[in-house]
Amino acid sequence: MADRRPEKSCEQACESLKQQDYEVAVKHCTEALLSLSQYPPAHLPEACQAELDRIKIETLLYRIASFLQLKKYGQADEDCRHVLGEGLAKGDGSFRAVLCCMHLKGKLQIVSNVLSKSLMGESLNGMVTKDLTRLKTLLAETEVIMSILLGKIMSST
């Protein structure tokens with residue numbers, strides 16, 4: 001993938017989210033998603049498509065977290081349904097793989113924390129809560145699985 005704009009915008013979104021600059025994070029996420037939309041999936045090698053999918057999933061997760069912090073629940077829910085629908089529909093494990101990679105890079109925790117905070121402290125409507133809870137459950141499962149795997153790796157060395 002010669003064009004690094006989507007990846008750069010995704011990384012900038014992550015940094016903005018960490019710095020609690022949520023409006024800027026949303027802007028970077030939207031830029032990344034617009035850049036990604038320029039790539040027709042049918043004409044890309046599988047490895048390139050996998051990388052674009054990773055960037056898209058990460059970007060959507062950062063945008064969900066930012067929207068929640070900005071109390072834009074409808075937009076967060078829309079992205080949540082989108083990431084869950086696309087991620088789980090493939091059924092090839094790539095969605096979980098992206099979550100595992102994010103966990104290893106320390107990028108999953110910030111999204112998970114925002115989801116937890118929103119689900120505990122905000123009064124959300126039922127459909128929004130259902131989708132966010134489903135996403136939070138996937139993130140929590142990923143964190144547990146990765147902790148177990150890392151623990152086994154560490155104990156075998």
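The values are calculated or read from the model by the stated rules, or taken from the named source; none is laboratory data. Source: prediction; values computed, not measured. Every residue, glycine among them, receives a Cβ derived from its backbone with ideal geometry; neighbour counts consider all protein chains shown. Ligands, DNA and RNA are stripped out before the accessible areas are found, and what is left, the full protein with its side chains, is counted by its heavy atoms. Shrake-Rupley method; radii C 1.70, N 1.55, O 1.52, S 1.80 Å.
Remarks
- Of the listed requirements (1) in a helix (DSSP H, G or I); (2) in contact (Cβ under 8 Å) with a residue 24 or more places away in the chain, Gly151 misses just one: (2).
- Out of Glu46, Glu23, sole residue that is more than 28 Å from Val144 (Cα to Cα), at pLDDT 95 or above and loosely packed, with under 14 Cβ neighbours inside 10 Å: Glu23
- For the stretch 33-42, the criterion of a residue being open to solvent by less than 40 Å² (accessible area, probe 1.4 Å), within 30 Å of Met120 (Cα to Cα) and touching a helix residue (DSSP H, G or I) at 6+ places or on another chain (Cβ under 9 Å) is satisfied by at least one position.
- Of all residues in the stretch 61-76, those satisfying the criterion of being open to solvent by 10 Å² or more (accessible area, probe 1.4 Å) and either touching a strand residue (DSSP E or B) at 6+ places or on another chain (Cβ under 9 Å) or in a helix (DSSP H, G or I) (or both) are Arg63, Phe67, Gln69, Tyr73, Gly74, Gln75.
- Restricting the stretch 122-146 to residues that are β-branched (Val, Ile, Thr) and modelled with pLDDT of 80 or more leaves a set whose member that is least open to solvent (accessible area, probe 1.4 Å) is Thr142.
- Some residue of the stretch 95-111 being modelled with pLDDT of 90 or more, open to solvent by less than 40 Å² (accessible area, probe 1.4 Å), outside any helix (DSSP H, G or I) and charged (D, E, K, R): yes
- Residues satisfying the stated conditions in the stretch 77-94, i.e. surrounded by 19 or more Cβ atoms within 10 Å (Cβ to Cβ), at pLDDT 90 or above and closer than 21 Å to Glu11 by Cα: Asp79, Cys80, Val83
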